[in-house]
Amino acid sequence: MVDEDTTFQLRLDRYGPDLLSGLAGAYGEAAPQLFERLTSLMRSAFAARSTDLKVLDEARLLSPDWVQRPDAVGYVCYADRFAGSLAGVADRIDHLKSLGVSYLHLMPLLRPREGENDGGYAVADYRSVDPRLGSMDDLTALATTLRGQGISLVVDLVLNHVAREHEWAVRARAGEQKYRDYFHIFADRTEPDAYERTLPEIFPDFAPGSFTWDEEAQGWVWTTFNSYQWDLNWANPDVFAEFADLLLFLANNGVEVFRLDAIAFTWKVLGTDCQNEPQVHELTQALRAVLRIVAPACALKAEAIVGPQDLISYLGQGKHFGKVSDLAYHNSFMVQLWGALASRHTRLFEVALSNFPDKPSSTSWATYARCHDDIGWAVSDTDARGAYLEGHTHRAFLSEFYAGLYPGSFARGLVFQHNPINNDRRISGTMASLAGLEAALEHGDQGQLSDAIARVNLLHTAILGFGGVPLLYMGDEIGQLNDHSYLDEPEHAADNRWVHRPRMDWDAVAAADADPGTPGGRILAGLRHTIGVRKRLPQLHASIESRVLPSPDSRVLLLTRNHPEGVLIEAYNFSEDAVELPTYVLRSRLGDSAVEQISGYDYSLAPETLLIRPYQPLWLTAG
Ligand code: GLC
């Protein structure tokens, strides 16, 4: 029997060095003192951790690949839009179970500022829950219920900024130097101007610039996002200590995965774009070590919507290998899915994936086709050139296509944040509306309808087939369309991302459940089936890389996953054409016959070609 003190000490021995080196990387000489402060904070948090959670810690230590396994399935929703409140979410677990969900990300639920709050990303108090959703006790109760059902609760930890109404900001405005030092506040424009020379625009439409004059604070406050979101000064060790404490508080209340919101922006360096600075990874390593010591059941997910070379560092490169986030969003994969659907061409997809660095084998991608945010066309000029495209023109094409302006487009998206300087146009819209369901229903055209449903199915299958945690976005499982009612809500009207944040239509879920012949029913039944197939395919473990196989047909993307138990080859037809795919590329890897795992069909690979239906995905193993 190992006593608790020994457990704590063993973990401190194991992860203390990671903690100290992360702190030293960020805070230099201030690190040892901060380490001591954190040690006493961790000791109290460990003592306060419930027995249930400690049991979970031990279980997770025995299965460290829990977010890598093929049975890991994520679901993302707003508690209020999904089920009214936190308590309501517990009543909808059956629906989540029917999709095999093991990971539930409830969108921001900590108490936000009143009025406009960027969908909850302007937090006024990290220790209480938005009263419209429930209380901290409700959150703990929900986490416990979910855990009992094998579902991990995922919550946002907004790191880069707090609401202007957060106590730290209030005290900073009241003149307390301690709290002014939590932020970046400048007396005049000298420094803001110097920084702005190299800072990109995040919300050029409704929040241009990165600094806001605050009369009460008598200074220019760093506000990367909206003017009411005050960027924190992470170079201040006190800010780190506050967040370590918050992390453990939430972990002890049952949160199992933390989505590290806007993490790329946390460290500022003059003359740079103030994203992805090396210190960001030092901080993450230190935060992770704190969690490993007190709450090793927990995992971190980086929300860094950045280019591939920068993104890979969030999963641990060089000295941070295995020491930072367990998960990161694969933004590039998402962008390429939509790009290939619009162009019916997969060359750029192949180039982008082939140029993508391998991730550490102990980590996972969070794969997704839609989320609560807009889609920005993160296609690099180099990748575009590799596919004989011109980056700027191609990005413009994608914006036109998904805004529904391009001739023949099936999409019904909205332009978000048009930047007149570089003509960047991001896109809002639900998966179904972007994939053509809205237009098909309007036209009453059965052929278009089948294509749209097949596109949704293709997108879902691709995110299930890439390895990692596929994130299903609320409403997409039944093909919910754009919802324009946000225009009637004053605090949402200016932000068209709300068009793809509809309230869950439970009548439509019931209808889809009752009749698998309706569009929603077809999407839901297909998705549930593919999830079931995924769970039993060892090749879909995230420790395996998906690799591009050069495709003999530009409409079809081919991926291979080489697992010791046998290879899995995935084929995705991104066009509305039936494609005769030459079989030699499959035969050399699978032999003369194959089993298509989704349909269960046996295919002979002896003939010269294999027919792939419009938008059909195939998951092939040796027959
Ligand atoms: C993340 C969120 C986004 C929010 C931003 C600022 O990118 O996903 O919705 O606007 O952070 O917190």
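Would you mention how many residues in the range 199-232 are touching a residue at least 60 places away in the same chain (Cβ under 8 Å), among the acidic types (Asp, Glu) and away from the ligand (no atom under 13 Å from the Cβ)?
1
Test of understanding: among Arg164, Arg171, which residue is surrounded by 13 or more Cβ atoms within 10 Å (Cβ to Cβ), among the charged types (D, E, K, R) and within 16 Å of the ligand (Cβ to nearest atom)?
After applying the criteria, what remains is Arg164.
Identify the residue in the range 75-124 that is of a type in the set (Lys, Arg) and within 16 Å of the ligand (Cβ to nearest atom) and, among all such residues, is surrounded by the fewest Cβ atoms within 10 Å (Cβ to Cβ).
Only one residue fits best here, namely Arg81.
Among the hydroxyl-bearing types (Ser, Thr, Tyr), within 16 Å of the ligand (Cβ to nearest atom) and on the phi < 0 side of the Ramachandran plot - does that describe any residue in the range 178-197?
No, the range 178-197 has no match at all.
So if I check each of Ala542, Ala508, which one is modelled with pLDDT of 95 or more and in a helix (DSSP H, G or I)? Full working, then the answer.
Values: Ala542 fails: in a helix (DSSP H, G or I).
Answer to the check: Ala508.
Within 16 Å of the ligand (Cβ to nearest atom) and either in contact (Cβ under 8 Å) with a residue 24 or more places away in the chain or hydroxyl-bearing (Ser, Thr, Tyr) (or both): does that describe Ala378?
Taking the combined requirement at face value, the residue satisfies it.
Answer yes or no as to whether Phe333 is assigned to a helix (DSSP H, G or I), crowded, with 24+ Cβ neighbours inside 10 Å and not charged (D, E, K, R).
Judged against the criteria, Phe333 is not a match.
List the residue pairs whose Cβ atoms are under 8 Å apart, where the first residue sits in the range 148-159 and is among the polar types (S, T, N, Q), the second is within 16 Å of the ligand (Cβ to nearest atom), and the two are 6 or more positions apart or on different chains.
Within 8 Å, the pairs are Ser152/Val257.
Identify all residues within the range 351-375 that are more than 16 Å from the ligand (Cβ to nearest atom) and assigned to a loop (DSSP other than H, G, I, E, B); write none if there are none.
Answer for the range 351-375, where residues must be more than 16 Å from the ligand (Cβ to nearest atom) and assigned to a loop (DSSP other than H, G, I, E, B): Asn355, Phe356, Pro357, Asp358, Lys359, Pro360, Ser361, Ser362, Thr363.
From Arg385, Arg426, which residue is of a type in the set (Lys, Arg), within 16 Å of the ligand (Cβ to nearest atom) and not in a loop (DSSP other than H, G, I, E, B)?
Going through Arg385, Arg426 in turn, just one is of a type in the set (Lys, Arg), within 16 Å of the ligand (Cβ to nearest atom) and not in a loop (DSSP other than H, G, I, E, B): Arg426.
What number of residues in the range 160-176 are touching a helix residue (DSSP H, G or I) at 6+ places or on another chain (Cβ under 6 Å) and free of Cβ contacts under 8 Å to residues at least 12 places away in the same chain?
1
Go through (1) surrounded by 23 or more Cβ atoms within 10 Å (Cβ to Cβ); (2) on the phi < 0 side of the Ramachandran plot and name the single condition Gly316 misses.
(2)
Being of a type in the set (Gly, Ala, Ser) and buried (at least 20 other Cβ atoms within 10 Å of the Cβ) is the filter here, so list the residues in the range 125-150 that pass it.
So in the range 125-150, the residues of a type in the set (Gly, Ala, Ser) come out as 128, 134-135, 141, 143, 148, 150.
Passing the criteria: Gly134, Ala143.
What are the residues in the range 490-508 that are within 16 Å of the ligand (Cβ to nearest atom) and among the basic types (Lys, Arg), if any?
Arg497, Arg501
The values are calculated or read from the model by the stated rules, or taken from the named source; none is laboratory data. In this text the structure is predicted, and so the values were computed from the model without any measurement. Note: ideal-geometry Cβ built from the backbone for every residue, glycine included; neighbour counts use all protein chains shown.
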